[in-house]
Every structure is written in C-alpha cells, then in structure tokens.
Amino acid sequence: MTLPIRQDPDPVLREVCAPVTVFDEALVQFAEDMLAAMYDAGGRGLAAPQVGRTVRLFVMDVAWKEGAPDPLICVNPVIVSVAAEVETREERCLSLPGRAARVARPASLRLRWQDLSGTGREGDFDGIAARVVQHEADHLDGVLCIDREEAA
Ligand code: ZN
C-alpha cells in the first residue's frame, strides 16, 4: 500500500518533528515505504511529515529521473555548514500540487545524518541535491517552500 501524501494546509505539515530514537525493522520499512511513495508521486524528495509522521527523517533521489536510481535516506539530518553563494531556483513540493515557489538558498552545504542502522554519516551536497536537502530539512521544522518564496 502506498503511503498517502498530505497536502497543504494539513496541520501535520506545520509541526516540528521529533528526533528518531529507535532504529529497528519498522524504521527500515517506513523508509522503504517513503521511497516508494516518492517515486510513485514523481518526486525527488519526501519528508516524514508529508506522510503524516512527525519524525526527523527524509528520503531523496535526485538521479532516478535520469534513469539511475540513487536513493538516500537521512535520519536526524543536521545542516552543519552552508556556502556563502546563494542560488535562486524554482521549487515544487508534493504537498503543494500545482504550485511553484522561487526560493533563494545556499548553493552547497555539508550535512550530517544517521543511516537506518543509526550510524553517523556526513557529506557535501551541491546543485539539485543541495536544494532538495534544504527543502526536505525545512519540512522537519514545519517550513514549506512557499514560506521562503521571494517577492516577484
Ligand atoms: Zn516539499
């Protein structure tokens, strides 16, 4: 069964999510279900509150639309640093169907997160991946891209 995706103005999208503390089979299954829902909906990223769970977890895959799936699951993600360079891009969100927002964000960043076994990871992201990371991390704090939309 595909997880239904919540849409604005569902109040769950405005909650600040709680850290994941239990790394078990249920978490693995949840992450797999989230990836399936993301692919099914044609997205590049999906955060747990978008499927009604207020925990700090998101999934992303910026490569699958080009035919080479490369899923990433980030548990308890923390953006530890961002570049001074800022880029403005149009963002879409599976919780905001039919809408787009032009948002300025740092062009690259360093992220720290845990994998599904609870092991700490760290990596650098740029381009579309940096964009998706920041968009999904915002979801975990109840922030939507339309909140950051630039004045036309
Ligand atoms: Zn979104």
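Any read-out appearing in this document is the output of simple, stated calculations on the displayed coordinates, not a laboratory observation. Computed from a predicted structure; not experimentally measured. Cβ coordinates were reconstructed from backbone atoms using ideal geometry, including for glycine residues, and neighbour counts include every protein chain displayed.
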> Taking the alpha-carbon centroid of each part, what is the distance from the range 42-62 to the range 106-126 in angstrom?
Replying inline: 15
> When Rg is the radius of gyration of the Cα atoms in the chain and Rh is its Kirkwood radius, what does Rg/Rh come to?
Replying inline: 0.93
> What is the local net charge at residue 25, summed over the other residues whose Cβ is closer than 14 Å to its Cβ (Lys, Arg +1; Asp, Glu -1)?
Replying inline: -3
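At 222 nm, what value in deg cm²/dmol follows for the chain if DSSP H runs of at least 4 each add -39500 (n - 2.57) and the sum is divided by all its residues, to the nearest 500? If you can, show how the numbers build up before the last one.
Values: 2 runs with 30 residues, N = 152.
Roughly -6500 deg cm²/dmol at 222 nm, from the helical runs in the chain.
Given the Cα-Cα distance of residue 29 and residue 89 and 0.36 nm per residue of separation, how much length would full extension add, in nm? Could the numbers behind the result be given before it?
On the way: separation 60, 0.36 × 60 = 21.60 nm, distance 3.26 nm.
Full extension of this stretch gives 18.3 nm more.
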> Residues with beta-carbon under 14 Å from that of residue 88, excluding residue 88: net charge, scoring Lys, Arg +1 and Asp, Glu -1?
Replying inline: -1
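Tell me, what is the percent relative contact order of the chain, built from C-alpha pairs under 8 Å that lie six or more residues apart? Don't skip to the answer; put the middle values down first.
Values: 300 pairs, mean separation 39.2, N = 152.
Computed value for the chain: 26 percent relative contact order.
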>> I need the Kirkwood Rh of the range 96-152: take the reciprocal of the average 1/r across all distinct C-alpha pairs and report it in angstrom.
In response: 12.8
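Taking only the alpha-carbon atoms of the range 20-107, what semi-axes of the equivalent ellipsoid follow from 5 times the gyration tensor eigenvalues under a square root, in whole Å, largest first? Before the final figure, lay out the partial values.
On the way: eigenvalues 106, 59, 36 Å².
Semi-axes from the Cα gyration tensor: 23, 17, 13 Å.
Averaging over every viewing direction, what projected area does the convex hull of the Cα atoms of the range 9-69 cover, in nm²? Could the numbers behind the result be given before it?
Values: hull surface 18.3 nm².
Averaged projected area of the range 9-69's Cα convex hull equals 4.6 nm².
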